[in-house]
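Asker: Just dropping this structure here.
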Amino acid sequence: MRERTLNDLCTPEVILERVRQMGPIRLDPCANPWDTVGAEVRLDGEHGRCGLGLSWDQLARGGLVFCNPPYGRGCMGPWSEKIATEAQKGVEIIALVKGDWSTEWWRRLRKHAQAICYWDGRIPFEGGKHGSGNFASALFYFGGRPHLFAHVFAQAGDERVIQ
């Protein structure tokens with residue numbers, strides 16, 4: 001098993017419980033060996049299974065995609081492009097990202113999302129080389145059920161349906 005890196009922070013159960021209220025997670029395009037997302041299909045970068053290089057619509061087959069991309073320097077640009085591209089194909093996606101609204105990648109996600117939840121407080125990410133994140137976070141929703149997303153995340157932060 002490979003050694004954990006800074007980008008191996010795992011999504012805590014407090015987030016995953018809410019995501020699963022939207023339905024079973026079919027695809028995790030940003031899996032790592034330690035995550036507990038429990039997706040049916042996991043893309044972990046091993047053996048050509050990179051979430052940036054494969055088509056999510058075929059792998060998700062109409063199911064929910066949960067994406068917690070790596071936050072390291074230079075990572076969010078390509079991931080935000082991939083998320084927006086897959087969302088435009090009709091893939092239902094919940095993306096957990098760092099709260100960095102001053103960036104181009106943030107504006108790209110905001111432009112294509114149907115709903116957003118600005119998470120209250122800091123998220124206690126699990127594992128990783130340097131432990132938990134020390135920053136604001138948000139969840140973007142892409143798909144046809146933005147009002148359900150807003151309902152599910154209503155007690156977790158400031159949620160909004162984007163018209």
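Asker: I need a count of the residues in segment 57-68 that are touching a Leu at 6+ places or on another chain (Cβ under 6 Å), open to solvent by less than 30 Å² (accessible area, probe 1.4 Å) and of a type outside the set (G, A, S).
Answerer: In the first step, residues of segment 57-68 are kept if they are touching a Leu at 6+ places or on another chain (Cβ under 6 Å); the result is 59-60, 65, 68.
Next, only the ones that are open to solvent by less than 30 Å² (accessible area, probe 1.4 Å) stay: 60, 65, 68.
Restricting the remaining residues to those that are of a type outside the set (G, A, S) gives 65, 68.
Here the count works out to 2.
Asker: Which of (1) farther than 13 Å from S137 by Cα; (2) in contact (Cβ under 8 Å) with a residue 24 or more places away in the chain does W119 not meet, given it meets every other one?
Answerer: For W119, the exception is condition (1).
Asker: Of the residues D158, D100, only one is in contact (Cβ under 8 Å) with a residue 24 or more places away in the chain, in contact with a helix residue (DSSP H, G or I) (Cβ under 6 Å, 6 or more places away or on another chain) and not aromatic (F, W, Y); which? Give the derivation first.
Answerer: Details: D158 fails: in contact with a helix residue (DSSP H, G or I) (Cβ under 6 Å, 6 or more places away or on another chain).
One residue alone meets the criteria, D100.
Asker: Consider segment 126-154. How many of its residues are out of contact with any helix residue (DSSP H, G or I) (no Cβ under 9 Å at 6 or more places or on another chain) and either modelled with pLDDT under 95 or of a type in the set (V, I, T) (or both)?
Answerer: 6
Asker: Further question on the same structure: Here are R4, R18: which of them is at pLDDT below 85 and among the basic types (K, R)?
Answerer: Values: R18 fails: at pLDDT below 85.
Unique residue meeting the criteria: R4.
Asker: While we're looking at this one, here's another question. For L52, work out the one condition from (1) within 20 Å of I116 (Cα to Cα); (2) touching a helix residue (DSSP H, G or I) at 6+ places or on another chain (Cβ under 7 Å); (3) open to solvent by 50 Å² or more (accessible area, probe 1.4 Å); (4) of a type in the set (A, V, I, L, M) it doesn't fulfil.
Answerer: For L52, the exception is condition (1).
The values are calculated or read from the model by the stated rules, or taken from the named source; none is laboratory data. It should be emphasised that the depicted structure is a prediction, and the values quoted were computed from it without experimental measurement. Note: ideal-geometry Cβ built from the backbone for every residue, glycine included; neighbour counts use all protein chains shown. When the accessible area is computed, the model is the full protein with side chains, heavy atoms only, and any ligands, DNA or RNA have been set aside. Shrake-Rupley method; radii C 1.70, N 1.55, O 1.52, S 1.80 Å.
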